[in-house]
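The block underneath contains the structure these notes are about, expressed in structure tokens.
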Amino acid sequence: DAMVIQNPRYQVTQFGKPVTLSCSQTLNHNVMYWYQQKSSQAPKLLFHYYDKDFNNEADTPDNFQSRRPNTSFCFLDIRSPGLGDAAMYLCATSRDLTAWEQYFGPGTRLTVT
Amino acid sequence: GIQVEQSPPDLILQEGANSTLRCNFSDSVNNLQWFHQNPWGQLINLFYIPSGTKQNGRLSATTVATERYSLLYISSSQTTDSGVYFCGFNAGKSTFGDGTTLTVKP
């Protein structure tokens, strides 16, 4: 009865090679979020989708893009990963933006070689 | 934006001890949540607690929104309670505190 699923759990990519991380949810929530978390730091919001409405944080690098083809799936695309993009990437959902109770997936740990 | 501060940053306990973690925020929030990040990195929901008190087994939480703080209580701590505890909320932007790292020793 997994609610927020992320694939893969571990991803290794080469410097500059595009990579896509996947998130799916069975909660039918309107909002899906992507966070980046580096070691010993708090999660940092990259962007979120409210339904099909994309909301990018001002300080999210252009290298990071996202797609939400339907309610259940959301993808994080890193166009040209650098060494500084190595991190844990967390996907979360909430029913809406005001009732903000968030549910997180297990995360994808990205290594850039 | 609203600032959030968690204390203490680090906490080391002997198994069986009790602890209180604190989350202060600089303005009113109405959707505060507590999470435990396990050793594998997943953020586990503990409490969604915009106000009042909730209890779940050995854990309980209290949010006093008018005084801009929330507390997480852990009683009779176990080694499996180790990890990082975050408070978070959305006041225009999803915001998390820097976390409290709890280590419970056997």
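The values are calculated or read from the model by the stated rules, or taken from the named source; none is laboratory data. All values reported here derive from a predicted model rather than from experimental measurement. Here Cβ is always computed from backbone atoms with ideal geometry, including for glycine, and neighbour counts include all displayed protein chains. The protein model used for the area step is the full one, side chains on, heavy atoms only, and it has no ligands, DNA or RNA in it. Shrake-Rupley method; radii C 1.70, N 1.55, O 1.52, S 1.80 Å.
Screening A:Asp85 with (1) within 12 Å of another protein chain (Cβ to nearest Cβ); (2) touching a residue at least 24 places away in the same chain (Cβ under 8 Å); (3) over 21 Å from B:Gln33 (Cβ atoms) gives one miss only, at (1).
Taking the criterion of being of a type in the set (D, E, K, R) and out of contact with any Leu (no Cβ under 6 Å at 6 or more places or on another chain), the residues of the stretch B:1-60 that qualify are B:Glu5, B:Asp10, B:Glu15, B:Asp27, B:Lys54, B:Arg58. The set of residues from the stretch A:24-49 being among the hydrophobic types (A, V, I, L, M, F, W, C) and part of a strand (DSSP E or B) comprises A:Val31, A:Met32, A:Trp34, A:Leu45, A:Leu46, A:Phe47.
In the stretch B:1-31, what residues are in a loop (DSSP other than H, G, I, E, B) and modelled with pLDDT of 95 or more? B:Pro8, B:Pro9, B:Glu15, B:Gly16, B:Ala17, B:Asn18 - these are the residues of the stretch B:1-31 that are in a loop (DSSP other than H, G, I, E, B) and modelled with pLDDT of 95 or more.
In the set B:Trp34, B:Trp40, only one residue is closer than 14 Å to B:Asp81 by Cα, within 12 Å of chain A (Cβ to nearest Cβ) and modelled with pLDDT of 95 or more; that residue is B:Trp34. Count of the stretch A:90-113 residues, restricted to those that are within 10 Å of chain B (Cβ to nearest Cβ) and either open to solvent by 50 Å² or more (accessible area, probe 1.4 Å) or under 15 Å from the mean Cα position of the chain (by Cα) (or both), is 14.
Considering only the stretch B:56-70, I want to know if a residue exists there that is in a loop (DSSP other than H, G, I, E, B) and surrounded by 16 or more Cβ atoms within 10 Å (Cβ to Cβ).
yes
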